[in-house]
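Q: Here's a structure for you.
The values are calculated or read from the model by the stated rules, or taken from the named source; none is laboratory data. These numbers were taken from a predicted model, which means no experiment stands behind them. Here the Cβ positions follow ideal geometry from the backbone for every residue, glycine too, while neighbour counts run over all protein chains shown.
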Amino acid sequence: MTTNEEAVMWVEKYRPRKLDEVVDLKDIVESLKSFMKNPKVMPHLMLAGIPGTGKTTIALCIARELFGENWKTFTLELNASDERGIDTVRDRVKDFSRYSRSAFGNVPFALIILDECDQMTGAAQTALRRIMETSSRTSRFILICNQSGKIIEPIQSRCAIFRFSKLDKKAMRDHLCWIAKKENVKLSPEAAESIIEYSEGDLRHAINALQAAAAYKDGVVDEKVASAVIGEASPMQVQILLRKALYGDFMEARKKMYELMGEYGFSGSEIVRQMQRELFKMSDLTPEKKADLSNIIGEYDYRLTQGANSDIQLSALLAQFAKVGKTEIKGESS
């Protein structure tokens, strides 16, 4: 492996080049491959969903499968969050889309990929709608967004919409293990599980975390290394915090909270997120009790997002847990 290859981010190094290489997303891939059989009938496409699930990768795979090695010549790729004004749409997109590419084999159109198009202004989207309508003979658009609801209806109605959800955990685990094997990294099952839980269906996030963890300790990634890199406490530590609060030991729970914040440098929102996650793993709590406690967590998470002091709000959250726990224990003893 050359020095240049070693310097490449794993996200780019292992980015799929063909639709068949895409992780999970079998239904979407099969639908898109049917368009590849007869490109002339391919409609405009909209790829919508959470980050890190393969939207941009699939768009680039389509470009490669349509145009082969010359795909960059016949593809205009723009990030609409950077170039989201009406001038960009009118100038760059319109200029590129007006020229016919009918001389290129069986693909009588150029491809325009607009990433993060839900960040475009309303005026730019209106201009884009008209361009999509007038240039359909010479161009096809692939619009990529996180929230399709932010795209105006006239544009949505002109596209075949594919919605991307969180990737399957098993597929993510298999892919991480495959990358680890390729890079001679010893990845423990517990570490892989921690990284997958942390990434919440975002494969790009998971691969970046794996690469960071591999560099942390000479290619050995265990649960301790993974927790240190992703900045999360072990599930057991968070469950200890929850149990101390639920058994009415507010002061010890508060002390444990400060230990976690000091050791890992957590923000209040990160502590709350882990508490929510571990709460639902506690098998000794009834579904009703989990629902009540989750409602409390939601209230304090909202307060934190509104800029409230994290120390005060987290202490109040633990106090609520202690209050609920005392009531529950008292009710059982009576």
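Q: Going residue by residue through region 160-178, is there one that turns out to be among the charged types (D, E, K, R), modelled with pLDDT of 90 or more and either surrounded by 21 or more Cβ atoms within 10 Å (Cβ to Cβ) or in contact with a Lys or Arg (Cβ under 9 Å, 6 or more places away or on another chain) (or both)?
A: no
Q: Right, something else. For region 292-316, name all the residues that are surrounded by 12 or more Cβ atoms within 10 Å (Cβ to Cβ), under 16 Å from L246 (Cβ atoms) and under 28 Å from the mean Cα position of the chain (by Cα).
A: Selection gives L293, S294, I296, I297, Y300, L314.
Q: Scanning region 59-111 for residues that are modelled with pLDDT of 75 or more and within 22 Å of G149 (Cβ to Cβ), which turns out surrounded by the most Cβ atoms within 10 Å (Cβ to Cβ)?
A: A59
Q: With the condition kept exactly as written, say whether any residue in region 46-63 is touching a Cys at 6+ places or on another chain (Cβ under 7 Å), at negative phi and not hydroxyl-bearing (S, T, Y). Write out each step before concluding.
A: Step one: list which residues in region 46-63 are touching a Cys at 6+ places or on another chain (Cβ under 7 Å), which gives 46, 48.
From the residues that got through so far, the ones that are at negative phi too are 46, 48.
Next, only the ones that are not hydroxyl-bearing (S, T, Y) stay: 46, 48.
Looking for residues that are touching a Cys at 6+ places or on another chain (Cβ under 7 Å), at negative phi and not hydroxyl-bearing (S, T, Y), one finds at least one in region 46-63, hence yes.
Q: Let me ask something else about it. Among G298, G262, G307, G248, which is in a loop (DSSP other than H, G, I, E, B) and free of Cβ contacts under 8 Å to residues at least 40 places away in the same chain?
A: So the residue among G298, G262, G307, G248 that is in a loop (DSSP other than H, G, I, E, B) and free of Cβ contacts under 8 Å to residues at least 40 places away in the same chain is G307.
Q: Please pick out the residue among A226, A206, A160 that is over 22 Å from D115 (Cα atoms) and touching a residue at least 12 places away in the same chain (Cβ under 8 Å).
A: One residue alone meets the criteria, A226.
Q: Could you check I144 against (1) modelled with pLDDT under 85; (2) assigned to a strand (DSSP E or B); (3) of a type in the set (A, V, I, L, M) and say which number it fails?
A: Every listed condition holds for I144 apart from (1).
Q: While we're here: Could you list, in sequence order, the residues of region 197-242 that are within 27 Å of L279 (Cβ to Cβ), assigned to a loop (DSSP other than H, G, I, E, B) and modelled with pLDDT under 80?
A: G231, E232, A233, S234
Q: Residues being in a strand (DSSP E or B) and either of a type in the set (D, E) or farther than 15 Å from I131 by Cβ (or both): count how many of those fall in region 147-162.
A: In the first step, residues of region 147-162 are kept if they are in a strand (DSSP E or B); the result is 159-162.
Imposing the further condition that a residue be either of a type in the set (D, E) or farther than 15 Å from I131 by Cβ (or both) reduces the set to 160-162.
Qualifying residue count for the region: 3.
Q: Take the conditions under 17 Å from E190 (Cβ atoms) and of a type in the set (A, V, I, L, M, F, W, C) and apply them to I271. Does it pass? I'd like the intermediate steps shown before the answer.
A: Numbers: under 17 Å from E190 (Cβ atoms): no; of a type in the set (A, V, I, L, M, F, W, C): yes.
Answer is no for this residue.
Q: From the set of residues in region 117-137 that are farther than 22 Å from L66 by Cβ and not aliphatic (A, V, I, L, M), which is surrounded by the most Cβ atoms within 10 Å (Cβ to Cβ)?
A: Taking region 117-137 first, the residues farther than 22 Å from L66 by Cβ are 118-127, 129-130.
So of that shortlist, the ones also not aliphatic (A, V, I, L, M) come out as 118-119, 121-122, 125-126, 129-130.
Working: D118: 19, Q119: 17, T121: 13, G122: 10, Q125: 21, T126: 15, R129: 19, R130: 13.
That would be Q125.
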